Amino acid sequence: MKRSILFLLLGLVLGLFSCEKPDKSSLPFVKIYDDQNGNRSFSPLSMTKATVDNGYMVLSAYDGWRIHLMKMDKDGNFEWNLELPEQYVNAVPSLLNINQQLYLVCMDPIALDTRILRIDETNRQVQQISCLEEVSYPVHAYYNGTDLYLMSSPLSSQMTVIHQVSHTLDTVVKVGALSISTNVDDLLLKHVMHTGKQYPFFIQSTPENDYFAVNAFYNYSFSTVFFDSDLQFSGVYNGAAMDGGINAIFPLGSNNFALARTSGENVFFNPKAALNPTAIAMATNIEAEGDAELNHQTPALIKEISISGKKYLAFLASSRSNQLVLKLYDETGKKIKSTYLSKNVPIEACDMAFTPYGELLMLVRVRIMGSYNRIGSIKLSKSNLEKLVEVE
Amino acid sequence: MRTFWGLLAAIFVMQGVHAQSRKHQYRKDRYFFGINIGTGFTQPVVDERFSLLEPTPQSAKEDYDKQYGNLFQNGGGVYGLHASFAFTPQFSVITQPCFQTQRYSYMNSYHWSDTIMGGEVYKEFLHRQKISSVRIPVLLRFDFSRLRFSPFLQTGISADIAYFASKQVFSDNYIDKDVDRKTATSSSVAEFTPHLNRFNVAVLGGGGISYYREHLAFSLSGTLSYNLRTSINEFNRYADYTGMATEYLDVQDKFNLLSLNILATVMVPLHKKW
């Protein structure tokens with residue numbers, strides 16, 4: 001009898017400690033990066049994987065259009081940061097990895113022209129490598145793997161200009177232009193100074209490289225314009241004046257796009273919309289599923305991720321009740337899961353990346369203590385993501 | 001050194017009692033059943049610190065480590081049942097399944113300079129957590145005596161099953177290592193259970209004294225326990241179930257709980273002779 005009890009106890013203890021151990025190499029985290037200066041307001045712009053290790057580089061704006069770089073490790077721990085000198089302002093929200101070097105595009109506050117800076121991750125500094133005098137007020141940069149494209153909207157010009165930059169990154173080799181037909185200087189200045197509405201400017205090429213989808217001011221509206229590979233106008237999905245329209249797009253190929261658009265005060269998602277790059281149509285007429293809880297004034301992000309070997313589209317946006325909403329769709333466009341992240345404090349999605357370890361890393365702006373806008377990062381581990389799609 | 005001499009004296013006294021006890025046997029019964037009630041004190045033993053707010057060179061502080069209170073600042077309650085079986089009059093196995101409430105608290109503080117809000121902004125937070133669990137211990141007890149009064153030592157393991165946990169945060173605007181709960185601003189009480197490792201195993205050890213009567217026995221014991229598993233589920237550490245993570249910049253450290261339970265037990269013997 002006594003021996004049975006002993007064996008029972010021993011079995012119980014061994015059983016407890018022999019349970020399958022989950023993978024601890026990928027643990028989720030939430031980090032907010034502090035700054036004692038309460039007057040300083042950060043607007044995270046872009047995040048990309050570092051080239052020297054497994055960490056991430058974060059580009060942010062602070063105090064209006066000043067530029068801040070920060071490096072964190074793969075677990076979100078702060079490593080170093082750098083405030084760029086005042087001669088560089090208005091960083092466009094794209095950290096570019098060109099031939100295993102990180103670059104950022106910004107502007108000279110006096111000359112108002114574009115500067116391309118190389119980030120020296122080892123020595124924690126930046127080096128200006130070129131000045132593009134003909135590109136004034138840059139608002140976006142896009143590298144498609146072979147060429148760098150810049151979007152600018154010079155003040156008083158009433159034009160949006162797309163510039164293809166040479167491989168040496170020092171001259172403009174091709175230009176495409178759009179007429180805005182109205183003065184948007186006030187909107188543009190508020191955008192670059194981070195004092196007003198942040199417009200979702202973007203350039204995205206299709207997987208076939210036959211078209212560029214360009215979100216920009218065009219023809220009295222903020223619209224999605226298609227350019228062909230020669231930067232010639234092809235078609236447009238017009239926004240509703242300066243407010244409604246497409247605010248995020250992810251090209252899937254064969255003229256299919258995952259997109260987020262706004263109309264009135266609502267946000268709509270479509271994980272698989274067929275768009276005609278030669279059409280002239282209204283963006284607000286693109287069929288999409290609305291979500292009334294989402295905040296139409298904050299960014300929406302779309303990324304393709306892979307969970308358990310299957311591809312999913314991740315849509316990330318902010319709710320009106322201060323939460324992040326992550327929605328996952330499978331390849332057919334079927335919604336698999338919608339989940340909430342964070343609570344109770346104003347939070348905006350700024351960028352996201354799918355890590356080499358199968359994790360989803362999100363760059364956010366968090367307003368802590370109800371007062372201070374700070375850079376934040378949130379990581380969902382591989383097992384978090386697997387659990388999300390398990391409900392399938 | 002004083003501890004050593006004290007321990008030596010206690011061993012001599014116990015040996016004396018033990019020698020005397022062979023002459024006067026009061027413990028004639030093998031089975032005892034009873035109830036117990038007591039108080040418990042809890043202390044987190046921190047293994048790894050975590051902070052939601054990541055210090056940078058521009059921060060006011062180099063780290064945001066939490067300041068934990070000491071063992072006796074974290075009081076809780078225990079009540080349950082008692083059952084024991086004596087292999088010999090001095091050597092018995094006991095179990096004391098009980099409901100227990102463990103509390104632990106910590107403080108942290110933050111500081112920003114803000115000319116818009118009129119200068120310096122100070123925030124000090126007191127985080128109070130309460131864990132309710134069922135504890136099922138199995139202890140081996142050695143009595144030093146067969147007299148009416150019998151000092152004893154006991155050791156064993158227990159299974160702890162946490163069934164509910166809650167958390168509340170108190171804050172004020174002064175960094176003075178004191179947040180007065182009566183005057184501080186408080187959050188609502190939020191459920192904290194999903195952040196826990198619900199099942200834990202603890203090792204226990206302690207001692208006490210028993211008093212035996214013909215039809216009744218009493219004991220007063222003190223037992224230290226140490227949870228072998230960490231209390232916080234590391235996969236849910238940053239999951240904001242309470243809604244307090246980003247609002248109060250709070251994330252739990254990695255720690256194991258150390259507890260001291262002081263129990264008063266009333267037992268009745270089953271009159272079954274040796």
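No lab work stands behind these numbers, since they all come straight from the coordinates. Please read all numbers here as calculations on a predicted model, not as lab measurements. No Cβ is skipped: glycine too gets one built from the backbone with ideal geometry, and neighbour counts run over all protein chains shown.
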May I ask you to list the residues in the range B:63-86 that are in contact with an Asp or Glu (Cβ under 9 Å, 6 or more places away or on another chain) and under 21 Å from B:Gln43 (Cβ atoms)? B:Tyr64, B:Asp65, B:Lys66, B:Tyr68
With respect to the numbered conditions (1) exposed (fewer than 15 other Cβ atoms within 10 Å of the Cβ); (2) not acidic (Asp, Glu); (3) not in a loop (DSSP other than H, G, I, E, B), which one is the sole condition not fulfilled by B:Ser219? (1)
I need a count of the residues in the range B:231-246 that are assigned to a loop (DSSP other than H, G, I, E, B), polar (S, T, N, Q) and within 12 Å of chain A (Cβ to nearest Cβ). 3
Can you tell me which residue is nearest to the other protein chains (Cβ to nearest Cβ) among those in the range A:335-372 that are touching a Ser or Thr at 6+ places or on another chain (Cβ under 8 Å), surrounded by fewer than 20 Cβ atoms within 10 Å (Cβ to Cβ) and assigned to a strand (DSSP E or B)? A:Tyr340
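Name the residue that is farthest from A:Thr355 (Cα to Cα), counting only residues in the range A:75-87 that are within 11 Å of another protein chain (Cβ to nearest Cβ) and in contact with a His (Cβ under 8 Å, 6 or more places away or on another chain).
So the first thing to find is which residues in the range A:75-87 are within 11 Å of another protein chain (Cβ to nearest Cβ), and the list is A:75-83.
From the residues that got through so far, the ones that are in contact with a His (Cβ under 8 Å, 6 or more places away or on another chain) too are A:81-83.
Working: A:Asn81: 21, A:Leu82: 24, A:Glu83: 26 Å.
Per the stated criteria, the residue is A:Glu83.
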Selection from the range A:333-369 of residues that are under 27 Å from A:Asn39 (Cα atoms) and over 19 Å from the mean Cα position of the chain (by Cα): A:Lys343, A:Asn344, A:Val345, A:Ile368, A:Met369
Considering the range A:370-391, residues that are within 17 Å of the chain's Cα centre (by Cα) and of a type in the set (D, E, K, R), and then whichever is nearest to A:Gln36 (Cα to Cα), we arrive at A:Arg374
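Being of a type in the set (S, T, N, Q), crowded, with 23+ Cβ neighbours inside 10 Å and in a loop (DSSP other than H, G, I, E, B) is the filter here, so list the residues in the range A:82-127 that pass it.
Just the residues of the range A:82-127 that are of a type in the set (S, T, N, Q), to begin with: A:87, A:90, A:94, A:97, A:99-101, A:114, A:122-123, A:125, A:127.
In the following step, the residues that additionally are crowded, with 23+ Cβ neighbours inside 10 Å were identified as A:90, A:94, A:114.
Listed by number, the residues that qualify are A:Asn90, A:Ser94.
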Determine which single condition A:Ala260 fails, assuming it passes every other condition in (1) surrounded by fewer than 21 Cβ atoms within 10 Å (Cβ to Cβ); (2) closer than 24 Å to A:Ile162 by Cα; (3) among the small types (Gly, Ala, Ser). (1)
Say we look at the range B:69-126 and pick out the residues that are small (Gly, Ala, Ser) and over 30 Å from B:Thr183 (Cα atoms); which of these is surrounded by the fewest Cβ atoms within 10 Å (Cβ to Cβ)? B:Ala83
Criterion first (in contact (Cβ under 8 Å) with a residue 40 or more places away in the chain and closer than 22 Å to B:Pro44 by Cα) does B:Tyr211 satisfy it? no
Heads up, the strands (runs of 3 or more DSSP E) in the range A:143-232 (entirely inside) with at least 1 residues that are touching a strand residue (DSSP E or B) at 6+ places or on another chain (Cβ under 9 Å) and without any contact (Cβ under 8 Å) to a residue 24 or more places away in the chain are A:159-165, A:172-179, A:221-228
Take the range B:139-153 and flag every residue that is surrounded by fewer than 17 Cβ atoms within 10 Å (Cβ to Cβ) and either under 22 Å from the mean Cα position of the chain (by Cα) or more than 19 Å from B:Gly208 (Cα to Cα) (or both). B:Leu140, B:Leu153
Spans of strands (runs of 3 or more DSSP E) in the range A:27-74 with at least 1 residues under 16 Å from the mean Cα position of the chain (by Cα) and either more than 14 Å from every other protein chain (Cβ to nearest Cβ) or surrounded by fewer than 20 Cβ atoms within 10 Å (Cβ to Cβ) (or both): A:42-49, A:56-62
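Applying the selection to the range A:313-324, what residues are part of a strand (DSSP E or B), away from chain B (no Cβ under 14 Å) and surrounded by fewer than 22 Cβ atoms within 10 Å (Cβ to Cβ)?
If we filter the range A:313-324 for residues that are part of a strand (DSSP E or B), which is where we start, we get A:313-319, A:324.
Filter once more, keeping what is away from chain B (no Cβ under 14 Å): A:313-317.
Within the range A:313-324, no residue meets the criteria.
Which is away from chain A (no Cβ under 14 Å) and surrounded by 15 or more Cβ atoms within 10 Å (Cβ to Cβ), of B:Gly207, B:Gly156? Steps first, answer last, please.
Details: B:Gly156 fails: away from chain A (no Cβ under 14 Å).
Being away from chain A (no Cβ under 14 Å) and surrounded by 15 or more Cβ atoms within 10 Å (Cβ to Cβ) holds for just one of B:Gly207, B:Gly156, which is B:Gly207.
Matching residues to (1) of a type outside the set (A, V, I, L, M); (2) within 30 Å of A:Asn39 (Cβ to Cβ); (3) out of contact with any strand residue (DSSP E or B) (no Cβ under 8 Å at 6 or more places or on another chain):
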position: B:Phe142; (1), (2), (3): yes, no, no
position: B:Asp176; (1), (2), (3): yes, yes, no
position: B:Arg181; (1), (2), (3): yes, no, no
position: B:Ala190; (1), (2), (3): no, no, no
position: B:Ile209; (1), (2), (3): no, no, no
Taking the stated definitions as given, is B:Thr223 more than 12 Å from chain A (Cβ to nearest Cβ) and among the β-branched types (Val, Ile, Thr)? yes
Need the failing condition index for B:Asn200 against (1) away from chain A (no Cβ under 14 Å); (2) assigned to a strand (DSSP E or B); (3) closer than 22 Å to B:Val93 by Cα, just the number. (1)
Considering every residue within the range B:41-63, establish whether at least one is charged (D, E, K, R), farther than 18 Å from B:Gly156 by Cα and either touching a Cys at 6+ places or on another chain (Cβ under 7 Å) or away from chain A (no Cβ under 14 Å) (or both). no
Does B:Gln154 qualify as being in contact (Cβ under 8 Å) with a residue 12 or more places away in the chain and out of contact with any Phe, Trp or Tyr (no Cβ under 9 Å at 6 or more places or on another chain)? no
